[in-house]
Amino acid sequence: MSCMYCDAHNETRNKILIEVGTLAHGSTLFILKNQNHLGRIVVALPVHRQEVYELTEDERSNFFADVADAAQACAELFHPDKLNYGIFGDGVPHVHMHIVPKYKDGLQWGHFFWDKGLEEVSLSDKEYAKMVNDYKAKLGIK
Ligand SMILES: [Zn+2]
């Protein structure tokens, strides 16, 4: 099976993610269709690397700059009480950072975040489109 962050036609990718576009330092920004943490996004490295230690210094620096920009946009758009950041990759071994807005007294506040076993929260097509446009406007993505 192809890597969903490298292959735009990957079936799983189109089932669970919406591509927003390319960030200033080359990474790709995605919205998770499962919005159980409102505003949740993923920033994917533009090249296929499995582990953070495989990145060159430039790749690390560019990736983290994109993560910071995306995180700031998330904070400004959704006003969470705290952002969580996660790199896992057991399922998809391509370096990508989950950016998860957490809200006081909301889902998993005070704990790490996870998906498994939770009911998915889907938005309407119109709401996803607005979220994509809001992120694009905040981040200057065309
Ligand atoms: Zn990949």
Scanning region 86-105 for residues that are more than 20 Å from Arg13 (Cα to Cα) and at pLDDT 95 or above gives Pro101, Lys102, Tyr103, Lys104
Note on Glu51: of the conditions (1) within 14 Å of the ligand (Cβ to nearest atom); (2) free of Cβ contacts under 8 Å to residues at least 24 places away in the same chain, unmet is (2)
Touching a Phe, Trp or Tyr at 6+ places or on another chain (Cβ under 9 Å), not basic (Lys, Arg) and not in a helix (DSSP H, G or I): is that true of His94 in this structure? yes
For Leu118, the lone unmet condition from (1) away from the ligand (no atom under 16 Å from the Cβ); (2) touching a strand residue (DSSP E or B) at 6+ places or on another chain (Cβ under 9 Å); (3) in a loop (DSSP other than H, G, I, E, B) is (2)
Scanning region 121-142 for residues that are farther than 22 Å from Ala24 by Cβ, assigned to a helix (DSSP H, G or I) and of a type in the set (Gly, Ala, Ser) gives Ala129
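Pull up region 1-20, narrow it to residues that are among the aliphatic types (A, V, I, L, M) and more than 10 Å from the ligand (Cβ to nearest atom), then point me to the one that is surrounded by the fewest Cβ atoms within 10 Å (Cβ to Cβ). Walk me through how you get there before you give the answer.
Step one: list which residues in region 1-20 are among the aliphatic types (A, V, I, L, M), which gives 1, 4, 8, 16-18, 20.
So of that shortlist, the ones also more than 10 Å from the ligand (Cβ to nearest atom) come out as 1, 8, 16-18, 20.
Values: Met1: 8, Ala8: 11, Ile16: 15, Leu17: 20, Ile18: 18, Val20: 23.
Step by step, filter region 1-20, then rank; the result is Met1.
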Restricted to region 27-47 and to residues being within 15 Å of the ligand (Cβ to nearest atom) and in contact with a helix residue (DSSP H, G or I) (Cβ under 6 Å, 6 or more places away or on another chain), the residue nearest to Phe78 (Cα to Cα) is Val43
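Out of Ala24, Ala73, report the one residue that is more than 12 Å from the ligand (Cβ to nearest atom), in contact (Cβ under 8 Å) with a residue 40 or more places away in the chain and part of a helix (DSSP H, G or I). Walk me through how you get there before you give the answer.
Details: Ala24 fails: part of a helix (DSSP H, G or I).
Of the residues listed, the single one that is more than 12 Å from the ligand (Cβ to nearest atom), in contact (Cβ under 8 Å) with a residue 40 or more places away in the chain and part of a helix (DSSP H, G or I) is Ala73.
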Scanning region 21-59 for residues that are basic (Lys, Arg) and surrounded by fewer than 20 Cβ atoms within 10 Å (Cβ to Cβ) gives Lys33, Arg49
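The values are calculated or read from the model by the stated rules, or taken from the named source; none is laboratory data. The structure presented is a predicted model; accordingly, all values stated were derived computationally and were not measured. For neighbour counting, all protein chains shown are included, and Cβ atoms are generated from backbone atoms with ideal geometry for every residue, glycine included.
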